[in-house]
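Q: Got a structure for you, written out below as structure tokens; questions coming shortly.
The values are calculated or read from the model by the stated rules, or taken from the named source; none is laboratory data. Here the structure is a predicted model, which is why all the values come from computation and not from measurement. Backbone-built Cβ (ideal geometry, glycine too); neighbour counts: all protein chains shown.
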Amino acid sequence: MIEGVTALVACSRCKSIGRLVFYCGRSCQVNDYKNGDSPHKQICGNKDALIDSVLSLPEYKAKDKAPQTSNEDESDDKPRWPAPQPGYVRSGALQHQLCLLEEQPNLHYVLVRPDPQEDTGVVFPSAKEFLLFFLCMRRAVASYSPREVYRMYQALVPKAQNAIPAFGIGKLKEQLKKEYGVDIDEVHARMQAEPESR
């Protein structure tokens, strides 16, 4: 810890469901819980509130939007993917994946295959599956996050096997390693070796 800098405190109930909410201290956390603009009490540790908050993101709503006409102001559009954190450099494969997803916003992920084979898009049919995958991918796109890539892998395995039986788990692991620099087998081994206190 840096001298003179106070560590942020995370809300443990929210952290347990994958939402990261930080406070400068206990008093700020209590104040936000009781009196915040949108009191934290309403969403604290509530998975449904997490899903509702993600469903309200412009990225999720964009799928249902009609295409914009040239008269509409496009300056309000927020990027679908967060900017990389300082020091994190996206691989060429990841940049390619993001371009494919921008070109085809109805897809949630693209299984990239060598030419002359066509790439195959993945779509999660349920909102819950999509949201969990989308949150993991947003975190992984912004910074080096092996756990999030592993969670993406877990969600993609059945989709990849159903979409292209010949694609295989090995190809999916290879693609994720090219995109994120994460070895799925290493992450799995590390997670298995960790104590059960997670």
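Q: So which residues in segment 109-147 are among the charged types (D, E, K, R) and farther than 15 Å from Lys178 by Cα, if there are any at all?
A: Asp115, Glu118, Asp119, Lys128, Glu129, Arg138, Arg139, Arg147
Q: Another question, if that's okay. Return the only residue of Pro146, Pro116 being modelled with pLDDT under 85, assigned by TED's automatic domain parsing to the domain that holds Lys177, within 29 Å of Gly170 (Cβ to Cβ) and not aliphatic (A, V, I, L, M).
A: Going through Pro146, Pro116 in turn, the sole match is Pro116.
Q: Same structure, new question: Residue under question is Val141, and the condition is that it be out of contact with any Leu (no Cβ under 6 Å at 6 or more places or on another chain) and farther than 27 Å from Ile17 by Cα; does it hold?
A: Values: out of contact with any Leu (no Cβ under 6 Å at 6 or more places or on another chain): yes; farther than 27 Å from Ile17 by Cα: no.
Judged against the criteria, Val141 is not a match.
Q: All but one of (1) in a loop (DSSP other than H, G, I, E, B); (2) closer than 23 Å to Glu186 by Cα; (3) of a type in the set (Phe, Trp, Tyr) hold for Tyr150; which doesn't?
A: (1) is the only condition that Tyr150 fails.
Q: Checking the conditions here, which among Gln161, Gln154, Gln192 is surrounded by fewer than 18 Cβ atoms within 10 Å (Cβ to Cβ), at pLDDT 90 or above and either hydroxyl-bearing (Ser, Thr, Tyr) or out of contact with any Lys or Arg (no Cβ under 9 Å at 6 or more places or on another chain) (or both)?
A: Details: Gln161 fails: at pLDDT 90 or above; Gln192 fails: at pLDDT 90 or above.
Only one candidate qualifies: Gln154.
Q: State yes or no: is Glu102 of a type outside the set (S, T, N, Q), over 25 Å from Asn46 (Cα atoms) and under 17 Å from the mean Cα position of the chain (by Cα)?
A: Here the answer is yes, as Glu102 does meet what is asked.
Q: Any idea which of (1) in contact with a strand residue (DSSP E or B) (Cβ under 8 Å, 6 or more places away or on another chain); (2) at pLDDT below 90 is the one Leu172 doesn't satisfy?
A: Every condition holds for Leu172 apart from (2).
Q: Suppose the filter is in contact (Cβ under 8 Å) with a residue 24 or more places away in the chain and not assigned by TED's automatic domain parsing to the domain that holds Arg151; does Pro105 pass it?
A: No, not satisfied.
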